[in-house]
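Engineer: Could you have a look at this structure, given as structure tokens, before my questions?
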Amino acid sequence: MGKSLLPGALLLTLVGCSNAPSVPACDTLPPSTLDSVYSRYFAAAATRSSVGCAIPACHADSAGNLAFRSAGEFHAATVNVRSTQDRQQNLIEPGNPGASYLYRKIAPGSPPERMPFGGPYLDKAALDEIAGWICNGAPGPAAPGSREGGSAGEP
């Protein structure tokens, strides 16, 4: 009798204890642009979050070896660039938020620590907009004056 309960208990344990972030399906999200996503969530003066990532003592100063002070730098430093924390994943994998290490770092259930450290964290609408940009192929900035370049590293 004990043997028949073990497979069910194991399945329940595997399904119920997942720490992987929930990733929306790309076909459920409207496409987003990098210009919109960067200015709202990652820029120093982010408009839709209380503090962006590109601030002194964080990614404006190369925290985690990842510097970006513009949408162009952000794109160059993250899209198709290998994570140094998980060499199996790119920071941004165009078309696949679930395989994008940076997306996983900002989503709930992030291993090992969710960004930004200590919060405030992005809400579902913000995460969906960022995922929409990744699902859209993670295209570069449209703004003609965007500075290109950046350094690869971690969020």
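The values are calculated or read from the model by the stated rules, or taken from the named source; none is laboratory data. Bear in mind that the values here come from a model prediction, so they are computed numbers and not experimental data. All Cβ positions, glycine included, derive from the backbone under ideal geometry; neighbour counts span all protein chains shown.
Engineer: Considering every residue within region 51-63, establish whether at least one is at pLDDT below 85, part of a helix (DSSP H, G or I) and either surrounded by 17 or more Cβ atoms within 10 Å (Cβ to Cβ) or more than 12 Å from the chain's Cα centre (by Cα) (or both).
Structural biologist: Yes; the residues of region 51-63 include at least one that is at pLDDT below 85, part of a helix (DSSP H, G or I) and either surrounded by 17 or more Cβ atoms within 10 Å (Cβ to Cβ) or more than 12 Å from the chain's Cα centre (by Cα) (or both).
Engineer: Based on what the data block shows, is residue 30 at pLDDT 75 or above, surrounded by fewer than 11 Cβ atoms within 10 Å (Cβ to Cβ) and either touching a strand residue (DSSP E or B) at 6+ places or on another chain (Cβ under 7 Å) or not in a helix (DSSP H, G or I) (or both)?
Structural biologist: yes
Engineer: Go over the candidates 74, 117 one by one and state the one that is modelled with pLDDT under 90, within 18 Å of residue 43 (Cα to Cα) and part of a helix (DSSP H, G or I).
Structural biologist: From the options 74, 117, the qualifying one is 74.
Engineer: Among the numbered criteria (1) in contact (Cβ under 8 Å) with a residue 40 or more places away in the chain; (2) outside any loop (DSSP other than H, G, I, E, B); (3) more than 11 Å from the chain's Cα centre (by Cα), which single criterion is violated by residue 125?
Structural biologist: Among (1) in contact (Cβ under 8 Å) with a residue 40 or more places away in the chain; (2) outside any loop (DSSP other than H, G, I, E, B); (3) more than 11 Å from the chain's Cα centre (by Cα), residue 125 violates only (1).
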